[in-house]
Ligand code: NDP
């Protein structure tokens with residue numbers, strides 16, 4: 001006898017605001033198709049004041065989990081049953097996995113960034129001086145992973161001093177790195193001796209894709225690796241850094257690798273990383 005039909009799909013997705021230009025769906029749907037999985041990835045606009053309702057909705061609809069993007073990564077912690085150790089240390093969650101009726105928070109952003117930096121760009125952060133622009137969820141994840149990977153010094157540059165100092169305190173008290181805060185008022189001169197510069201702010205994200213962080217671009221030099229979290233192949237930030245002779249690392253690799261970790265957490269299967277990257281590249285008109 002033939003199996004009964006199963007029209008029910010397993011649901012995951014992303015909550016964010018703004019979220020319409022978040023390309024994550026493209027790589028997940030490509031991965032589901034590749035592996036023949038009956039899963040769907042939904043891109044869902046959720047306002048900050050509606051996050052609690054949205055998390056209840058996730059439970060009610062028996063979704064398998066959710067990604068969180070701007071501005072929900074920190075706020076979501078209040079709505080979870082458990083937060084894994086690294087995510088708790090960062091104070092930010094980008095991936096929620098439903099196990100039975102429990103919602104468990106993880107953070108795959110920093111590990112995705114590190115994989116793109118070390119595997120694709122062949123840049124080892126060990127013993128390096130690093131400047132991170134931003135102190136939000138992405139910056140916290142990246143800073144913690146870089147510190148745990150042996151970075152020598154991390155300078156956090158952030159518009160709001162309170163948030164910047166909070167991240168520095170976290171790094172100094174919970175990781176071996178030497179950390180300091182630098183205020184951000186006017187074009188920031190990247191200190192000589194910086195090896196890695198990371199834009200972990202949301203500057204450059206659509207609809208502001210023509211904008212770039214306010215730094216003194218003349219202070220970027222040929223020996224630096226300059227990285228952007230914005231998931232696009234050529235942000236104005238990276239184009240300007242490349243024109244200064246720097247090696248650039250875009251946010252697409254980070255997106256694919258962090259997604260691959262989430263894919264494994266949700267489905268239990270190894271992600272088809274190449275297929276996911278190619279799908280994103282196509283979406284960005286790169287192939
Ligand atoms: P948050 O809202 O938590 O943090 C935003 C950060 O950007 C804060 O440090 C904020 O400073 C800073 N910022 C925003 N606008 C300005 C501005 N005009 N001038 C100076 N600083 C500014 O966001 P997330 O950390 O969650 O996300 C940041 C970016 O990272 C997003 O663009 C997101 O798309 C990207 N991202 C990419 C990933 C990838 O895989 N490629 C994964 C995760 C995130 P302040 O504290 O002063 O407000």
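In region 196-210, the residues that are under 9 Å from residue 132 (Cα atoms) reach residues that are modelled with pLDDT under 95 and near the ligand (Cβ under 9 Å from one of its atoms) with C-beta atoms within less than 6 angstrom, at least six apart or across chains, in these pairs: 200/138; 200/139.
Here is the figure for region 237-271: residues that are over 19 Å from the mean Cα position of the chain (by Cα) and either at pLDDT below 95 or surrounded by fewer than 23 Cβ atoms within 10 Å (Cβ to Cβ) (or both) total 12. Quick check, is residue 66 under 18 Å from residue 166 (Cα atoms), touching a strand residue (DSSP E or B) at 6+ places or on another chain (Cβ under 6 Å) and more than 9 Å from the ligand (Cβ to nearest atom)? In short, no.
For every residue, the table says whether it meets (1) away from the ligand (no atom under 13 Å from the Cβ); (2) in the same structural domain as residue 115 (by TED's automatic domain parsing); (3) touching a helix residue (DSSP H, G or I) at 6+ places or on another chain (Cβ under 6 Å).
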residue: 169; (1), (2), (3): yes, yes, no
residue: 172; (1), (2), (3): yes, yes, no
residue: 186; (1), (2), (3): no, yes, no
residue: 196; (1), (2), (3): yes, yes, no
residue: 203; (1), (2), (3): no, yes, no
residue: 214; (1), (2), (3): no, yes, no
residue: 231; (1), (2), (3): no, yes, yes
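For region 1-16, filtering for residues that are touching a strand residue (DSSP E or B) at 6+ places or on another chain (Cβ under 6 Å) and either surrounded by 15 or more Cβ atoms within 10 Å (Cβ to Cβ) or not in a loop (DSSP other than H, G, I, E, B) (or both) leaves 6. Remark: pairs (first residue in region 154-166, assigned by TED's automatic domain parsing to the domain that holds residue 195; second residue surrounded by fewer than 16 Cβ atoms within 10 Å (Cβ to Cβ) and in a helix (DSSP H, G or I); Cβ separation under 8 Å; 6+ apart in sequence or on different chains) are absent. Quick one: is residue 265 outside any loop (DSSP other than H, G, I, E, B), in the same structural domain as residue 28 (by TED's automatic domain parsing) and closer than 25 Å to residue 102 by Cα? So residue 265 passes the test.
The values are calculated or read from the model by the stated rules, or taken from the named source; none is laboratory data. Everything numeric here is computed off the predicted structure, so don't read it as measured data. For neighbour counting, all protein chains shown are included, and Cβ atoms are generated from backbone atoms with ideal geometry for every residue, glycine included.
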